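Here's the structure, in structure tokens; my notes come after.
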Amino acid sequence: MRRPLISTAFTSLVVLLAVGVGAPTARADDVVYEADLEKSRFQIDVFKAGLFSGMAHDHTFLAKRYAATIRLDAAAPEGGSVSVSVEAASLELEASKADADDQEDIEESMRSDDVLDVERFPKIEFESVKVTVKKRKGDTVTLTVTGSLTLHGEKKRISIPTELTIAEGVATAKGEVTIKQTDFEIEPYSAFFGAVKVKDEVKISFEIVARPKAD
């Protein structure tokens, strides 16, 4: 039987990762948006490597339980902020990428103390500190969101290219960023003396649909 590629994804992410705007000071014209999890998506992609990488698969993980809050004035997005908190144990392998037995093994490995160690580090968190506006076109603003990603007990500064659109009161943020597992003290999976392994680089991508917080 083909050996599954044990993912050392995290996510990300997810995490991630990853919504739309930064800077901690609230302003009078700011609107607070909360992610609609039914319409949003946090995705973490892990890629195979090694001489016999044909024995393995690339893997995609989705965060199922998370919260994201965006504070934003559409007229001045560079002054907004975002906070994201993901339950690390909620990351699940996309069902179409593996059979049921492989999926369970991969998810157990990802949650184990060899990878995410979700018992010790149950949360993956991102807090923005800065937003830079790169371009405006109609209702869409291209941003670079900079903040601190806390993963596996390590905190690192990352910058996320993000496309933000606000239409009919709904904020939609799309973007992706690549991080290295080793930057967060996670050793990429390897087997058969390195003949089958995953790449150090992991891609976190997202589409967040957020609506104004109810009073």
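The values are calculated or read from the model by the stated rules, or taken from the named source; none is laboratory data. Computed from a predicted structure; not experimentally measured. Cβ coordinates were reconstructed from backbone atoms using ideal geometry, including for glycine residues, and neighbour counts include every protein chain displayed.
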Would you mind telling me which numbered condition in (1) over 15 Å from Ala74 (Cα atoms); (2) surrounded by 14 or more Cβ atoms within 10 Å (Cβ to Cβ) Asp215 fails? (2)
Name the pairs: first residue in region 120-144 and more than 23 Å from Ala75 (Cβ to Cβ), second residue of a type in the set (Lys, Arg) and not in a strand (DSSP E or B), Cβ to Cβ under 8 Å, at least 6 apart or on different chains? none
Is one or more of the residues making up region 171-184 modelled with pLDDT under 95 and part of a loop (DSSP other than H, G, I, E, B)? no
At pLDDT below 80, in a strand (DSSP E or B), more than 30 Å from Arg136 (Cβ to Cβ) and among the small types (Gly, Ala, Ser) - does that describe any residue in region 47-56? yes
Looking at this structure, is Phe206 modelled with pLDDT under 90 and in a helix (DSSP H, G or I)? no
Among the numbered criteria (1) of a type in the set (S, T, N, Q); (2) in contact with a helix residue (DSSP H, G or I) (Cβ under 9 Å, 6 or more places away or on another chain); (3) surrounded by fewer than 17 Cβ atoms within 10 Å (Cβ to Cβ), which one does Ser112 miss? (2)
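State which residue is modelled with the lowest pLDDT when the search covers only region 185-203 and only residues that are more than 25 Å from Pro161 (Cβ to Cβ) and not charged (D, E, K, R).
Phe193
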